[in-house]
Structures are given as C-alpha cells and as structure tokens.
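Undergrad: Structure incoming, see below.
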Amino acid sequence: MRLLIVEDRPKMASLLERALEEEGHACDVAASGEDALWMAASTEYDVITLDVMLPGIDGYETLRRLRANAVDAPVLMLTARDALDDRVTGLDTGADDYLTKPFALDELFARVRALSRRGPVERRPILQVGSLRLDAKSHRVWRGEQEVELSSKQFSLLETFMRHPGQVLSRFDLIEHTWDYDYENRSNVVDVYVRQLRQKIDRPFGLQSLETVRGAGYRLRDSE
C-alpha cells in the first residue's frame, strides 16, 4: 500500500515512516497541510495519516480541502487532543478514523489495515452545481473561490436545490424539504427566500442560475 504521512515534527514523521515501511508500506511524508494537498492531488494513496496540529492550515482545514478536491482516500487523524468535540469535528469534517497520541504502533498498524480494506468511500457532503459549491458538514457555500454567507434557512433551501440540479421544484417540494410541519403553506415565504438566495448566489456574480418556471416552481440550472 502507498501511504501519505502528514506530520510536521521531523522525529515523529521519521518514526512513523520507518515503522510503516517495516510493515511493507510505501510512504511519502508531507510536513504541512499545503504540501499534503498537492501531493494527494498528484498521487493516489491508499491511506492518509493526518496530524491535527500543523503549521499553516491545520489538519481539519487540510481535510476539508482534500474532500473538496475529491480526494477520497481513507484518512486516519492523529492528534494529542482527546476531547469529544475534537473527535466529532474530525469525523464530521470527513475523517474515517481517529487515533489519540500517544498510541501503540500495533494499534496504528491495525487501523491502517482496516482503513485500507475499506478503500475509498463515495462522499457527498460536498455538492457542486456549476461554480457553486456547498459543504453540508461545515455549512459553508462558495461561488467560485468566494465564500457566500447564508442564514441557516437560506442554506437549507439552497441544499435542496443543489441536491436536485436542473429539476423543477414546486413550492410544495421546497416546503416539504426545508420547512417543518407547522409551516403555513399559504405564506409567500418560499418566494421571499428564493429572492434572498438570488441576491447572494447570483446577482453579485452576474449570473441567473436560480430560475422561475412559471406555473411550476423554481429550478437551479445545472450549467451556467
């Protein structure tokens, strides 16, 4: 197997590299998240071990960008942080397993073997329609490289559109996916939120991707 070790401390990186190579693995080492991004983009790895505390972008942000770049190799996060919130953050960001330092090498080997058997997993927290990207885990949206700030309801509405690109969604469809059962469907709240979305994801960029289909509803075009 080919592994990418993302670790900024030379002694720890050398220890992991030597130990994993003795187990029969081919290993590359990245000393920063930025290095990990270009290395993972140019080489297909079976498993990535990723330290959380890195210079520059940290392990969580590195993982977010790896997944946004469609790198689906299993990721084992290595960290001295053992708080529940840290583990949840790592797993929600897209990690496949989490190992707290200090750890026994035998446990590391076992987790790497388990992840390699699992292989790449199809992931759908990152949705993309044209130049519009939505991260369902971190609740972030980008048009191209520019991040767009949305309220929680605007985000939910946009996520519904992005999960059905090119499809005409009626007001009832949007209510069913975005609002709770107490919603009064005679209200024009859907139209209000669609206008708000257009003002944030389309108009500042000179686009008209969110269309009105008269008598039917709304559609997010799957091409620009």
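The values are calculated or read from the model by the stated rules, or taken from the named source; none is laboratory data. Note that the structure is predicted; figures quoted are calculated from it, not measured. When we count neighbours, we look across all protein chains shown, and the Cβ atoms used for this are built from the backbone with ideal geometry, even at glycine.
Undergrad: Count, please, the residues in region 178-207 that happen to be more than 24 Å from G130 (Cα to Cα) and either modelled with pLDDT of 90 or more or assigned to a loop (DSSP other than H, G, I, E, B) (or both).
TA: First, pick out the residues of region 178-207 that are more than 24 Å from G130 (Cα to Cα): 179-189.
Restricting the remaining residues to those that are either modelled with pLDDT of 90 or more or assigned to a loop (DSSP other than H, G, I, E, B) (or both) gives 179-188.
Counting residues in region 178-207 that are more than 24 Å from G130 (Cα to Cα) and either modelled with pLDDT of 90 or more or assigned to a loop (DSSP other than H, G, I, E, B) (or both) gives 10.
Undergrad: Here is a further query. Are any residues in region 71-98 modelled with pLDDT under 80 and either more than 18 Å from the chain's Cα centre (by Cα) or not acidic (D, E) (or both), and if so, which ones?
TA: Within region 71-98, A80, R81, D82, A83, L84, R87, V88, T89, G90, L91, T93, G94 meet the criteria.
Undergrad: When L127 is evaluated against the numbered criteria (1) closer than 24 Å to A13 by Cα; (2) modelled with pLDDT under 90; (3) in a strand (DSSP E or B), which criterion, by number, is the only one it fails?
TA: Only one criterion in (1) closer than 24 Å to A13 by Cα; (2) modelled with pLDDT under 90; (3) in a strand (DSSP E or B) is unmet by L127, namely (1).
Undergrad: Quick test of your reading of the structure: K101 fulfils all but one of (1) more than 30 Å from D191 (Cβ to Cβ); (2) exposed (fewer than 14 other Cβ atoms within 10 Å of the Cβ); (3) modelled with pLDDT of 90 or more. Name the failing condition by number.
TA: Result: K101 fails condition (3) only.
Undergrad: Another question, then. For the structure I just gave you, tell me whether A41 is in contact with a helix residue (DSSP H, G or I) (Cβ under 8 Å, 6 or more places away or on another chain) and aliphatic (A, V, I, L, M).
TA: Judged against the criteria, A41 is not a match.
Undergrad: Can you find a residue in region 50-58 that is at pLDDT 90 or above and part of a strand (DSSP E or B)?
TA: yes
Undergrad: Still on this structure: For residues that are farther than 10 Å from V6 by Cα and among the β-branched types (V, I, T), tally how many sit in region 25-61.
TA: Of the residues in region 25-61, 3 are farther than 10 Å from V6 by Cα and among the β-branched types (V, I, T).
Undergrad: Still on this model: Every residue in region 89-113 that is among the aliphatic types (A, V, I, L, M) and not in a helix (DSSP H, G or I), please.
TA: A95, L99, A104
Undergrad: Looking only at residues that are of a type in the set (K, R) and over 15 Å from R198 (Cα atoms) in region 134-163, which one is farthest from the chain's Cα centre (by Cα)?
TA: Selected residue: R163.
Undergrad: Under the condition of being surrounded by fewer than 22 Cβ atoms within 10 Å (Cβ to Cβ) and touching a residue at least 60 places away in the same chain (Cβ under 8 Å), which residue from region 36-66 is nearest to P10 (Cα to Cα)?
TA: Taking the candidates together, the pick is D46.
Undergrad: Got at least one residue in region 148-168 being under 26 Å from L91 (Cβ atoms) and of a type in the set (F, W, Y)?
TA: So far as region 148-168 goes, yes, one or more of its residues are under 26 Å from L91 (Cβ atoms) and of a type in the set (F, W, Y).
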